[in-house]
Amino acid sequence: MSCVQRLEIKLKRPNAIFETWLEHWLQEAERRNSKSRYKLREALNALKMYPLPLASGRECGILRGFGPALCKLIDNEMHKEQHKAQAVAANNNRYQNEIRNVVESVKKNKRKQTKLTKKERKALEEKQRHLKEVIMQPGTFRIKLIVDTQETSGKHKRLLDQTRSYLECLEVDYEVRRLTVGDFLWIACDQEGNELVLPYIVERKRMDDLSSSIRDGRFHEQKHRLNQCDIPNVIYLIEDYGENEHLGLPIENLQQALINTLIQNRFSVAHTENHSRSIAYLQGLTQILIRIYKDKVLKSCANVDMARVSQSSKTGVSLLKFKSLNEDSARNAQLTVKELFILQLLQLHSLSLEKSLAIATIYPTPRLLIDAYKECKSLQDAHQLLANIRFGQLQRPVGSKISQSLHDFYTNEF
């Protein structure tokens, strides 16, 4: 016969909350010396001795000392506690929501900062590569001719295809890229992908193109940009256009423009009979540059006087990086108001680049010039405002005729 042992579980304080309330009310009654203290003490003792948990004040009515008033008081206290609990829960939920929002905001900002940091890091790495010194030892690089895309693509496809075929027939190591200044230049490139620009650049002009560029102002603009590109040896390669007839300008005017380019701008001017001779000229120049630089140590430098640096050593030479040259020239292509004013002046009759530069040095914008006219005391003073401005190496005056023409142009209402 098996014996079953009965397990009894007895709670230590089954109604601890009710006891706490009664102890508090009893202390208050004793402090006030109230008669209710007797009933409260009796109810507290009965509650402590009761072994089972009670769910409400109404259930407490089965014990001694718990009258209707005390039972109702316990139910009211429970109701208050429930409201408090709900309020606390609501506050907790609100607090949790605020915490959640803050955490999400922090995460979002952190992700945003991480993105910005990546961009900044990429920009920093690009800047470091830009500033990193490149050194090419003899035998570690090859010299290559770079041809602008405009020379190998466009509406004159037959002639432009000839550029490629001529270069390939002459076994010239070349590559076609977009150049922001010039039509041809040479780079030294190594196996690591570094590229340094040799201090020579060529602008090719056919005689008919030279004529049209002078008439629309591109000729002076291109010369200005070539001056700004930090390559010391600029070559204007001029091709004949058939018999050089029907060019749009007299041949004497074009020859004078080339002489001015040679003397005033100090550019070299080379002349060829046709396109094939121009490519042959470039092939010969490529071979000369290879002989000059193949045994030298090439180093990268910032935008400096490359003519001075390149002549400073017989065994070493400092050169611009190709990417730096292209980026800087692209920025220079975005003309300032002063440069646009100069181009505007060049469209006017008898105004050369030197005269326009001299005028723009004193009055950098049309607005400043017009304001200066308004401040003149008389019409005669306004006509002569620019007459005594000096230009060029000989410092000749602009003259009364041009000064009056400019006044009439900028002050007449159309």
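The values are calculated or read from the model by the stated rules, or taken from the named source; none is laboratory data. Please read these numbers as outputs of a predicted model, since none were measured by experiment. Virtual Cβ from ideal backbone geometry, glycine too; neighbours counted across all protein chains shown. Note: areas computed on protein heavy atoms with side chains; ligands, DNA, RNA excluded. Shrake-Rupley method; radii C 1.70, N 1.55, O 1.52, S 1.80 Å.
Some observations on this one:
- Considering the stretch 204-244, the residues that are open to solvent by less than 60 Å² (accessible area, probe 1.4 Å) and among the polar types (S, T, N, Q) include one that is modelled with the lowest pLDDT, namely Asn244.
- Among residues of the stretch 159-208, those that are under 15 Å from Leu237 (Cβ atoms) and out of contact with any helix residue (DSSP H, G or I) (no Cβ under 9 Å at 6 or more places or on another chain), counted: 1
- For the stretch 320-341, the set of residues classified as among the hydrophobic types (A, V, I, L, M, F, W, C) and either modelled with pLDDT of 80 or more or open to solvent by less than 30 Å² (accessible area, probe 1.4 Å) (or both) consists of Leu320, Phe322, Leu325, Val337, Leu340, Phe341, listed by residue number.
- For the stretch 136-164, filtering for residues that are open to solvent by 80 Å² or more (accessible area, probe 1.4 Å) and either of a type in the set (Phe, Trp, Tyr) or modelled with pLDDT under 90 (or both) leaves 6.
- Residue in the stretch 194-207 that is more than 36 Å from the chain's Cα centre (by Cα) and in a helix (DSSP H, G or I) present: yes
- Looking only at residues in the stretch 181-193 that are surrounded by fewer than 17 Cβ atoms within 10 Å (Cβ to Cβ) and in a loop (DSSP other than H, G, I, E, B), the one that is farthest from the chain's Cα centre (by Cα) is Gln191.
- Total residues in the stretch 36-61 satisfying the condition of being among the aromatic types (Phe, Trp, Tyr) and in a helix (DSSP H, G or I): the figure is 1.
- Single condition Ile74 does not satisfy, out of (1) open to solvent by 80 Å² or more (accessible area, probe 1.4 Å); (2) at pLDDT 85 or above: (1)
Every residue, every condition in (1) polar (S, T, N, Q); (2) farther than 14 Å from Glu23 by Cα; (3) exposed (fewer than 12 other Cβ atoms within 10 Å of the Cβ), yes or no:
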{"residue": "Ser34", "(1), (2), (3)": "yes, yes, no"}
{"residue": "Ala43", "(1), (2), (3)": "no, no, no"}
{"residue": "Pro53", "(1), (2), (3)": "no, yes, no"}
{"residue": "Gly57", "(1), (2), (3)": "no, yes, no"}
{"residue": "Leu63", "(1), (2), (3)": "no, yes, no"}
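- Number of positions in the stretch 245-274 that are over 13 Å from Val202 (Cβ atoms) and open to solvent by less than 40 Å² (accessible area, probe 1.4 Å): 6
- Qualifying residue in the stretch 296-318 (condition: in a helix (DSSP H, G or I), at pLDDT 85 or above and in contact with a strand residue (DSSP E or B) (Cβ under 7 Å, 6 or more places away or on another chain)): no
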